[in-house]
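Before any comments, here is the structure.
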Amino acid sequence: MHRMKGLLALVFIVISGCGQDDETVTGGVDSPFVKTAAVASADAGIVGLSGTVRARHETPVAFQVGGRIAARRVDAGQTVRAGQVLFELDARDLEQASQAAQADAAAAQSALATARAELGRVRQLKGQNFVSAQALDRSELAEREARTRSDAARAQLAQARNALGYARLSAPAAGVLVEVSGEPGQVVAAGQRVAMLAHAGEREVEVFFPDAARPPATGQLVRADGAALPLRLREVSGAVDPQSRTWRARYSVLTGGDALALGSVVRAAFTLPGGDGQALSVPIAALDERGEGPRVWTVVDGRAQPVAVEILALDAETARVRGSLKAGDTVVALGTHLLTPGMAVRELAQ
């Protein structure tokens, strides 16, 4: 009997031990690995942003009259000179309108000549008292009306000739066509854009700043070879964009702008006024936004915990933030959208 009790106790201990091992193993499998990165102190004054090279003046090119495009003389990316023909409309209707206006002007001129001759005869008869003063007044009014109709017909003829000239669309200035949308056979309305002309000359960099940072007066464009070109603020949008929550700013490239390709993406560095000494740098993938404001995730005692932050600036790889963090803390650098508060995780240092 005593041996039987001893065997039962031994079996119970073995079964209990196996259950604990299985639970431990299962708990380890359920806890995913997360890649973490250390929080670094950010330079409180310097911020790097991406910008786009633009021309100082960009003009939408459009016909002043509507019609069907008969010919396109240029392509996107082509350099054009001032006055060079870009597009041509089918001018048959415009030619007919010009001929009709010319005929109306000739008819009005003939009517004016007839009224003037009649007025001369009536004046002679009035001098001999063969007609009344009322007849002379009627002749003078008829001549005035014919003269007015002739002036209106000449103005309509000038408009018709101008419209015929508008059938040929020329470049308003020398530059590069960064966009061409008009095609032969397409029917366009007056004022509808068919191309975008970037004027030759001064180049600018268009940059978008986060709403927490006002664009500074100066900056530097950093080229691929490491050379820095000075930038000067020319204009800034009057309000924050409601969708992107950014300020749109344009900086003039003071030197070396001619070598920059239109539309190319460049890197620029700016010194923000009133730098924040509490600014920290985290990987941009560490930011998490779920409609409750930006946050990052830290690992505390093996569990993920969210920390609310304020975004100060963004670049291609890092974000400058401010929050309840300090330099040296670790944050989850990838897969933050899968985490929940208190979720068990295992750190995989970056």
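If you check Ala239, Ala261, Ala285 for being out of contact with any strand residue (DSSP E or B) (no Cβ under 6 Å at 6 or more places or on another chain), assigned to a helix (DSSP H, G or I) and modelled with pLDDT of 85 or more, only one passes: Ala285.
In the stretch 242-258, of all residues being over 21 Å from Thr271 (Cβ atoms) and polar (S, T, N, Q), the one that is modelled with the lowest pLDDT corresponds to Ser244.
Take Ala142 and tell me if it is in contact (Cβ under 8 Å) with a residue 24 or more places away in the chain, in contact with a Leu (Cβ under 8 Å, 6 or more places away or on another chain) and in a helix (DSSP H, G or I). Spelling it out, Ala142 is indeed in contact (Cβ under 8 Å) with a residue 24 or more places away in the chain, in contact with a Leu (Cβ under 8 Å, 6 or more places away or on another chain) and in a helix (DSSP H, G or I). Residues in the stretch 318-347 that are under 14 Å from Val34 (Cβ atoms) and of a type in the set (A, V, I, L, M): Val331, Val332, Ala333, Leu334, Leu338, Leu339, Met343, Ala344, Val345. With respect to being under 19 Å from the mean Cα position of the chain (by Cα) and either buried (at least 18 other Cβ atoms within 10 Å of the Cβ) or under 30 Å from Glu179 (Cα atoms) (or both), Arg223 falls outside the description. Close Cβ contacts (under 9 Å, 6 or more residues apart or on different chains) running from residues in the stretch 234-251 that are more than 19 Å from Leu312 (Cα to Cα) to residues that are in a loop (DSSP other than H, G, I, E, B) and not β-branched (Val, Ile, Thr) comprise Arg234/Arg56; Arg250/Arg56; Tyr251/Pro215. For first residues located in the stretch 303-328 and under 14 Å from Val47 (Cβ atoms) and assigned by TED's automatic domain parsing to the domain that holds Leu272, partners that are part of a strand (DSSP E or B) and hydroxyl-bearing (Ser, Thr, Tyr) and lie 6+ apart or on another chain with Cβ distances below 8 Å form the pairs Asp315/Ser50; Ala316/Ser50; Thr318/Ser281; Ala319/Ser281; Arg320/Ser281; Val321/Ser281. Please work out which residue is surrounded by the fewest Cβ atoms within 10 Å (Cβ to Cβ), limiting yourself to the stretch 71-92 and to residues that are of a type in the set (D, E, K, R) and touching a strand residue (DSSP E or B) at 6+ places or on another chain (Cβ under 7 Å). Filtering first and then ranking leaves Asp75. Tell me whether the stretch 229-237 contains one or more residues that are more than 22 Å from His57 (Cα to Cα), among the polar types (S, T, N, Q) and surrounded by fewer than 17 Cβ atoms within 10 Å (Cβ to Cβ). Looking through the stretch 229-237, none of the residues is more than 22 Å from His57 (Cα to Cα), among the polar types (S, T, N, Q) and surrounded by fewer than 17 Cβ atoms within 10 Å (Cβ to Cβ). Only one entry of Arg68, Arg154, Arg54, Arg121 meets the criterion of being basic (Lys, Arg), surrounded by fewer than 17 Cβ atoms within 10 Å (Cβ to Cβ) and not in a helix (DSSP H, G or I), and that entry is Arg68. When the residues of the stretch 136-171 are filtered to those that are out of contact with any helix residue (DSSP H, G or I) (no Cβ under 8 Å at 6 or more places or on another chain) and hydrophobic (A, V, I, L, M, F, W, C), which remaining residue is farthest from Glu95 (Cα to Cα)? Step by step, filter the stretch 136-171, then rank; the result is Leu141.
Does the stretch 307-318 contain at least one residue that is crowded, with 18+ Cβ neighbours inside 10 Å, charged (D, E, K, R) and either closer than 30 Å to Gly51 by Cβ or touching an Asp or Glu at 6+ places or on another chain (Cβ under 9 Å) (or both)? So far as the stretch 307-318 goes, no, none of its residues is crowded, with 18+ Cβ neighbours inside 10 Å, charged (D, E, K, R) and either closer than 30 Å to Gly51 by Cβ or touching an Asp or Glu at 6+ places or on another chain (Cβ under 9 Å) (or both).
The values are calculated or read from the model by the stated rules, or taken from the named source; none is laboratory data. Predicted, not measured: the structure shown is a model, and the values here were computed from it. Please note: Cβ atoms are built from the backbone with ideal geometry, for glycine as well, and neighbour counts cover all protein chains shown.
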